[in-house]
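> Below you will find the structure I want to go over with you.
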Amino acid sequence: MKQAIEFSKNEHPFLFVGSRRKSHNAYFIVVTSGSILIRLGKHEHLVSKGHGFWVPFDCLHAVTILPGTHFFNVAFSIRLRQPLCRETGFFVVTPLLDALLIELEKQPAENHDWDGVEGRLLKVVADQVSNLSASTQSLSPAIKKQYHSALALLLDGNKVTEKSAVQAIEPVLGMTLKEFEACLTIRETVKLTRSGRKLPQIAAQLNTSEVLLNTLAMAILGKPVQ
């Protein structure tokens, strides 16, 4: 990081599958459309539109960004002397923080000015997060607790057919459950590819065809399986 605090606006037309790693800096994301999955240990959390998620320094986690997702990211260098939240999880995006992020979005992306407007806005953001409270007690605050068991099944790669659960989860995901299941299939394909598996082996392990995997990959990843 060049600055103590850095802001970025991110748009992902295709699926992004992050590796499991420790964070080199503290950061938070606020999703403006679509959804992001964040795995912590055995549990995965769904961050959807309007919600924020805080990741402290040295936190072991994995990020999956679903196709069509837009989000803000604010990273805080380990050099920053200001105390920051040490817990991981969802936090409330206050109206002031939301307004600050919108103003930061308007700043020229090619000219990061720490001593100018962007720097002043980031310092106010830092002040706002100094008292931030994060929690992982919920798999997704956007979904009612009565459907969290169904969401857990879905995130683990199982099918969910209960009509009321489907109706509660699909609008939050921003896609149908079938589309989400296809994303999880391609995510597993990417992971197996990274471990050295070849397409025929992956297709056999996932009990599907090479043609279908490549067709899904083109639509979801924007490229065929390597």
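The values are calculated or read from the model by the stated rules, or taken from the named source; none is laboratory data. Remember, predicted model here, so these are calculated numbers, not experimental data. Cβ sites come from the backbone with ideal geometry, for glycine too, and all protein chains shown count toward neighbours. These accessible areas exclude ligands, DNA and RNA; they are computed on the full protein's heavy atoms, side chains included. Shrake-Rupley method; radii C 1.70, N 1.55, O 1.52, S 1.80 Å.
> Leaving ligands, DNA and RNA out of it, report the carbon-plus-sulfur percent of the accessible area of region 135-226 at a 1.4 Å probe.
Values: 2830 of 5390 Å².
Answer for region 135-226 is 53 percent, counting heavy atoms of protein chains only.
> So how exposed is Thr193, as accessible area in Å² (1.4 Å probe, rounded to 10)?
The accessible area of Thr193 comes to roughly 40 Å².
> Mean Kyte-Doolittle of at least -0.5 plus a Cα span of 20 Å or more along the axis: flag which DSSP H helices in the chain meet both, please.
Flagged H segments are 177-194.
> Modelled label-to-label distance, Met218 and His12, 7 Å Cα→beta-carbon offset: nm?
Using points 7 Å along Cα→Cβ, the separation is 2.3 nm.
> Follow-up question, since we're still on this one. Report the trypsin sites (Lys or Arg not before Pro) located in region 25-57 that are in a DSSP loop and have at most 15 other Cβ atoms inside 10 Å of their Cβ, or state none.
On the way: sites: Arg39, Lys42, Lys49; in loops: Lys42, Lys49.
Answer by residue number: Lys42.
> So which GluC sites (Glu not before Pro) in region 125-226 end up in coil per DSSP with only 14 or fewer other C-beta atoms within 10 Å?
Glu162
> Now for a separate question. If a/c stays under 1.5 just call it rounded; otherwise compare a/b with b/c (prolate if a/b is bigger, oblate if not). Do that for region 1-52, with a ≥ b ≥ c from the square roots of the Cα gyration tensor eigenvalues. Before the final figure, lay out each step's value.
Details: a/c = 1.63, a/b = 1.15, b/c = 1.42.
It comes out oblate by the Cα gyration axes.
> Explain nothing, just the number: relative contact order of the chain, from Cα pairs under 8 Å at least 6 residues apart, as a whole percent. Please list the in-between numbers first.
Numbers: 379 pairs, mean separation 45.9, N = 226.
It comes to 20 percent, rounded to a whole number.
> Highest mean first, what order results for 101-108, 215-222 on Cβ atoms within 10 Å? Don't skip to the end; give the middle numbers.
Numbers: 101-108: 14.5, 215-222: 16.9.
The densest-packed peptide leads the list: 215-222, 101-108.
> To continue, here is another question. Roughly how far apart, in whole Å, are the Cα centres of region 97-163 and region 48-69?
Cα centroid of region 97-163 versus Cα centroid of region 48-69: 8 Å apart.
> Can you show me the helix-derived [θ] at 222 nm for the chain, built from DSSP H runs with n ≥ 4 at -39,500 (n - 2.57) apiece and divided by the number of residues, rounded to the nearest 500.
Numbers: 7 runs with 79 residues, N = 226.
Using -39500 (n - 2.57) per qualifying helix, the result is -10500 deg cm²/dmol.
> In region 1-96, what percent of the accessible surface is made up of carbon and sulfur (1.4 Å probe, ligands and nucleic acids excluded)? Walk me through the numbers on the way to the answer.
Working: 2560 of 4650 Å².
Answer for region 1-96 is 55 percent, counting heavy atoms of protein chains only.
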